[in-house]
Amino acid sequence: MSPAPQVDNTNIGPLPPISRNPYTSSSFLGGTQFENGKQKSLWIATYTSMLLWMLMLLILYMVAGSRKRQPATMTSARPVEGRPMTEVTTVEVYEKQNTMADRFRRAVRAARLNFILIFSATVITALGYGPTGGTVAMTWVAFAVGCLWVLAELFTDSHWLRLICSLIIFPLVAIIYGLAFRSRID
C-alpha cells in the first residue's frame, strides 16, 4: 500500500497563501505586516486617538455625578417707570454650571471627533494609493491639534477655540482624503 498523498493547503484557490510564520498576520490583500513604516505610523495615530477618547470617557464616568441640577429660586420684582409695583414673581432658574463633568463632556466630544476624523483619514488612505510622508505628517499634525483641543476643553469653554481648532483640522483631513486617490508619486 502506498502512503496517502500529501496535500498542500497553503494555497487554497483565489485566497492568498497562508503564512506559516505564527508571528506574522496576513492582510486581506495577501501582504504580511506593514508594507512600510508610514502605514504603521498612521495606525499608531489612530490607535492613540482612540485611547485618548476612551481615557476621557473613563474620567468623565468617574467625575460625573447625577445629571439632575438643583434649581435656584429667584424672586424678582421689576419696577417699571411710572407704574406701581403690583406683582412679585418667583421663578426657578437653572444656572449654567461649569463643573468638571461639563468640562470632561466637552473634552470627550473633542476626543471623539478627533478619533473619527483620524480614523476615517487613515482608512481612506489605506484603501487608496497608500500613505506618503506628507499624509503621515498631516495626520500627526491633525492628531496633535486634536490633543491640544481636548486639553483646552478641560480648561476653557470658548466657541472661538472650537472654531480655530476646526479650521486647522478639517482642511488637513480634507487634503488627506484628496491625496488618498492621487496618482502615485513618491
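Readers should treat all values here as calculations from the given coordinates under stated rules, not as data from a laboratory. The structure presented is a predicted model; accordingly, all values stated were derived computationally and were not measured. Neighbour counts are summed over all protein chains in view; Cβ atoms, including those assigned to glycine, are modelled from backbone coordinates with ideal geometry.
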ASP102-TYR177 pseudo-label distance in nm [points 7 Å out on the Cα-to-Cβ vector]: 3.3 nm
Using a Förster distance of 25 Å, the FRET efficiency for ILE44-ILE168 (Cβ separation, nearest 0.05): 0.75
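Assuming R0 = 35 Å, can you tell me the calculated FRET efficiency for the pair LEU151 and VAL123, based on Cβ-Cβ distance, to the nearest 0.05? Intermediate results must be reported in sequence, preceding the final value.
Numbers: r = 26 Å, r/R0 = 0.74.
Plugging the Cβ-Cβ distance into 1/(1 + (r/R0)^6) gives 0.85.
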